[in-house]
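The structure under discussion appears below in the form of structure tokens.
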Amino acid sequence: MTFTQQIITIAMVVLGTMITRFLPFIVFPANKPTPKYIQYLGRVLTSAVFGLLVIYCLKNVSIFTGSHGIPEAISIAFVILLHLWKRQMLISIACGTICYMLLVQFIF
């Protein structure tokens, strides 16, 4: 890339970041009520995204080969139990990842 192309690329990234950060505050100002469909999306999209991530992470797991999905199942159960106990999403994600890595590195 030439220097000019690098500057243009950086400017476009900055512009894209600024638009995505500031646009919600412009479209939905604080002095007006947030539309009901936006409130609905705010409630359901988090769960939908995590559901999609779980499906994406498990799409190539085969119960007929390799470790038969046992480390994945143990890690999922661990995450569920930990989240029901602590109710802290970051702790659940981090500990689940650590559990899975330890299982596949040292046991399976």
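The values are calculated or read from the model by the stated rules, or taken from the named source; none is laboratory data. Since the structure is predicted, the reported quantities are computational estimates derived from the model, not experimental observations. A quick note on method: Cβ atoms are made from the backbone with ideal geometry, for glycine too, and the neighbour counts reach across all protein chains shown. Note: accessible area is taken over every heavy atom of the protein model, side chains too, but ligands, DNA and RNA are not part of it. Shrake-Rupley method; radii C 1.70, N 1.55, O 1.52, S 1.80 Å.
Looking only at residues of the range 52-63 that are within 17 Å of ILE80 (Cβ to Cβ) and aliphatic (A, V, I, L, M), we find that the one that is surrounded by the most Cβ atoms within 10 Å (Cβ to Cβ) is VAL61. The set of residues from the range 3-55 being outside any helix (DSSP H, G or I) and under 30 Å from ALA73 (Cβ atoms) is empty.
Could you grab me the full set of residues in the range 56-79 that are in a helix (DSSP H, G or I) and small (Gly, Ala, Ser)? Please lay out each step first, then the result.
In the first step, residues of the range 56-79 are kept if they are in a helix (DSSP H, G or I); the result is 56-58, 70-79.
Passing the criteria: ALA73, SER75, ALA77.
For (1) open to solvent by 70 Å² or more (accessible area, probe 1.4 Å); (2) of a type outside the set (S, T, N, Q), each residue gets a yes or a no:
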{"site": "ILE19", "(1), (2)": "yes, yes"}
{"site": "PHE25", "(1), (2)": "yes, yes"}
{"site": "TYR37", "(1), (2)": "yes, yes"}
{"site": "PHE50", "(1), (2)": "yes, yes"}
{"site": "ALA73", "(1), (2)": "no, yes"}
{"site": "LEU81", "(1), (2)": "yes, yes"}
{"site": "GLN88", "(1), (2)": "yes, no"}
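Of the residues making up the range 91-103, those that are surrounded by 14 or more Cβ atoms within 10 Å (Cβ to Cβ) and over 16 Å from the mean Cα position of the chain (by Cα) are CYS99, TYR100, LEU103.
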